[in-house]
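To keep things clear, I will list the structure first and then write my remarks on it.
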Amino acid sequence: MLSSFLSSLAFSQSSNLLRRRCCHHFPVVSYVTQPQPLPPIYFYVGNLIMEDNESCTILLQLSEDDPFFDKKKQILHARGFSISEQLELQYSSYCPDSVASNLEKLLQVARIIYLDEVELYFNDFDGSRPVEFYSTRNEVEALNAILSLINQAPIKAQVFRDAINDRITKECGEKSLVGSIVTRNRDCVSQENRLVEWGESNGVKTSLEIALIEGAGRGAIVKRDLGIGDIALEIPVSLIISEELVCQSAMFKILERIEGISAETMMLLWSMKERHNCYSKFRVYFDTLPKAFNTGLSFGVSAMMALDGTTLLEEIMQAKEHLRVQYEELVPALCSNYPGTFPSETYTWENFLWACELWYSNSMKIMFADGKLRTCLVPIAGFLNHSLYPHITHYGKVDSATNTLKFPLSRPCLAGEQCCLSYGNLSSSHLITFYGFSPQGDNPYNVIPIDIDAGKADCYDDSPWTTHMVRGTWFSNNHGIFHYGLPTPLLNYLRKARDHMPNTTTIKKEDMEVDIEVLEDLVTTFNSMMENLGDTTSDYGEDCERWDIKLAVEFKEGQRRIISSILSSCDDGIRLLQTHLQKCTS
């Protein structure tokens, strides 16, 4: 039975890498290959209850469909909130201070609702302090959720809208790390702008133009100032490449008889042939696609060697091997049995890999008006680059009233500035493997998953976390005793393996002694990881300027920086504990 390579890849990267074994029963940590993340799902939470022309009530509610419902419910209760909170807003009786106070109350709940997995794992939610600013992403999500509700209120609520707009602009105003424009000469991107013109002639509405961006290649810049909620791009459903096109093609009658084949696999096979169809409705779109996508799936031998000792090496190797198996199981048989529909000169391994890179790097999950979620290619939208501080965060649902896909701004974008969206909360290894780039700036999602060989530690673990991870400790603002800049769930897991959990309200001798053991074990483990990364000063000769080697070396240096920060934090923590122990002894 043939399975979808796009869906099964999500489950194919589960093998453990560099597992270290030890004779004692305490946990041993090592690299694991990061599984493919599922596309982010944003749950609509909240409602606006109109009471009269002078007031309204904002309702914020944690959705039971949230994959982290239990964790967030626990945090809400620790803060004195329920999963459903209401706040009445009186339009006429508010001064700036009271507006700020009410906005802060709403944010207390909205921030928790919009926490993602990484933020939940690395923040210390002990219930002793109010929810503060956790990340730019979280703050923008929370503020936009509140704004979307207040936008339904009468004009008298404008004071609240202004306060939220000011807050969003302040939080993200200096966070643009997306590169500067090299040229706006239309001759340099003439083919791309012909695609924009083709789109506009077919109903596309856009405030964007295509330009070359330093460090990012092609990108989209805005032609005029855009504010929060403005639509940067609007594309009719008729121009979205989805599975319906396959159903209308001659190959569908063949493919539908293959047991277990997915719509995504059909779309990939369709695009391999449609790319060469000079009569295709989407010919202009296919003409703008690069001949090579330069993702991690196309890394050469030297680049792969440069990745030795990293999680990215295993991720790329497993992904390519999986794709090769899928190709051999499916394509040769189709070419042999149906040469007229699947000509062998079109369905080569090289073309198959190109199509895989196209769909991995350019496809979007779109919710259509019929409620179905489909994987699609969206012409023109592919020029929007990814950023850690995106202007566009929610863009995956067709507007049933206009039958268009809209890209609204979550924060302002000025004329001439590159307009970016979020591809998701993805690690740098995932972005390199499937998109071919590493984001500018410190990526908070650049985590190293941890495989714990715990022995009897599992018997003592009542933590809601079943997996553990680390990231650069420079993201932490708590390097004191019991924290050390390291994730609390990981530390607690290792403490429980020693049948011990500290009382963080007091500092006792036995607590400090156990923590020294935990930190020393971590030092041993991460020293081994650092050694596995090897030397970074290899001479690649003339190849040192190759795109893939540059990306590989950059990623490896990033891994070394993360591990180095963990080792430094552990060493600092041990010295801190030893100093306190000496005071206790004296």
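The values are calculated or read from the model by the stated rules, or taken from the named source; none is laboratory data. These numbers were taken from a predicted model, which means no experiment stands behind them. So basically every Cβ, Gly included, is an ideal-geometry build from the backbone, and we count neighbours across all protein chains shown. The accessibility values were calculated without ligands, DNA or RNA, using every heavy atom of the protein model including side chains. Shrake-Rupley method; radii C 1.70, N 1.55, O 1.52, S 1.80 Å.
Table for the structure above
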| item | result |
| --- | --- |
| Selection count, the stretch 149-181, where residues are open to solvent by less than 50 Å² (accessible area, probe 1.4 Å) and either more than 28 Å from the chain's Cα centre (by Cα) or at pLDDT 70 or above (or both) | 12 |
| Among the candidates GLU350, GLU314, GLU328, GLU357, residue that is touching a residue at least 24 places away in the same chain (Cβ under 8 Å), part of a helix (DSSP H, G or I) and farther than 30 Å from ALA211 by Cβ | GLU314 |
| Residue tally, condition open to solvent by less than 10 Å² (accessible area, probe 1.4 Å) and either touching a His at 6+ places or on another chain (Cβ under 8 Å) or not hydrophobic (A, V, I, L, M, F, W, C) (or both), over the stretch 388-403 | 1 |
| Search result, residues across the stretch 258-285 that are surrounded by fewer than 20 Cβ atoms within 10 Å (Cβ to Cβ), closer than 21 Å to SER344 by Cα and within 26 Å of the chain's Cα centre (by Cα) | GLU264 |
| Residue that is assigned to a helix (DSSP H, G or I) and crowded, with 18+ Cβ neighbours inside 10 Å, where the choices are LEU551, LEU581 | LEU551 |
| Residue within the stretch 61-73 that is part of a helix (DSSP H, G or I), at pLDDT 80 or above and of a type outside the set (Lys, Arg) present | yes |
| Matching residues, the stretch 480-517, being surrounded by 14 or more Cβ atoms within 10 Å (Cβ to Cβ) and at positive phi | PHE482, TYR484, GLY485 |
| The stretch 104-119, residues that are buried (at least 17 other Cβ atoms within 10 Å of the Cβ) and part of a helix (DSSP H, G or I) | LEU106, LEU107, GLN108, VAL109, ALA110, ARG111, ILE112, ILE113, GLU117, VAL118, GLU119 |
| The stretch 203-221: number of residues that are of a type in the set (A, V, I, L, M, F, W, C), in contact with a helix residue (DSSP H, G or I) (Cβ under 8 Å, 6 or more places away or on another chain) and assigned to a loop (DSSP other than H, G, I, E, B) | 1 |
| Search result, residues across the stretch 74-103 that are crowded, with 17+ Cβ neighbours inside 10 Å and either within 24 Å of the chain's Cα centre (by Cα) or in a helix (DSSP H, G or I) (or both) | ILE75, LEU76, ASN102, LEU103 |
| Selected residue (only one of GLY300, GLY309, GLY229 is in contact (Cβ under 8 Å) with a residue 40 or more places away in the chain, among the small types (Gly, Ala, Ser) and under 24 Å from LYS406 (Cβ atoms)) | GLY229 |
| Residue check for GLY371: free of Cβ contacts under 8 Å to residues at least 40 places away in the same chain, closer than 18 Å to LEU431 by Cβ and open to solvent by 30 Å² or more (accessible area, probe 1.4 Å) | no |
| Condition met for LEU330 (open to solvent by less than 10 Å² (accessible area, probe 1.4 Å) and out of contact with any Lys or Arg (no Cβ under 6 Å at 6 or more places or on another chain)) | no |
| Of residues in the stretch 286-324 being surrounded by fewer than 14 Cβ atoms within 10 Å (Cβ to Cβ) and in contact with a Ser or Thr (Cβ under 9 Å, 6 or more places away or on another chain), the one nearest to LEU195 (Cα to Cα) | ALA292 |
| Pairs, first free of Cβ contacts under 8 Å to residues at least 60 places away in the same chain and more than 12 Å from LEU358 (Cβ to Cβ) in the stretch 270-295, second open to solvent by less than 60 Å² (accessible area, probe 1.4 Å) and charged (D, E, K, R), C-beta under 6 Å, six or more apart | SER280/GLU274 |
| Filter result for VAL523 (touching a Cys at 6+ places or on another chain (Cβ under 6 Å) and modelled with pLDDT of 95 or more) | yes |
| Inter-residue pairs, beta-carbon under 6 Å, first at pLDDT below 80 and in the stretch 494-519, second crowded, with 16+ Cβ neighbours inside 10 Å and not in a loop (DSSP other than H, G, I, E, B), 6+ apart | PRO502/ASP511 |
| Test: CYS376 is open to solvent by less than 10 Å² (accessible area, probe 1.4 Å) and part of a strand (DSSP E or B) | yes |
| Scan of the stretch 237-257 for residues that are among the small types (Gly, Ala, Ser), open to solvent by 40 Å² or more (accessible area, probe 1.4 Å) and at pLDDT below 95, ordered by number | ALA250 |
| Single unsatisfied condition, PHE434 versus (1) touching a residue at least 40 places away in the same chain (Cβ under 8 Å); (2) open to solvent by 20 Å² or more (accessible area, probe 1.4 Å) | (2) |
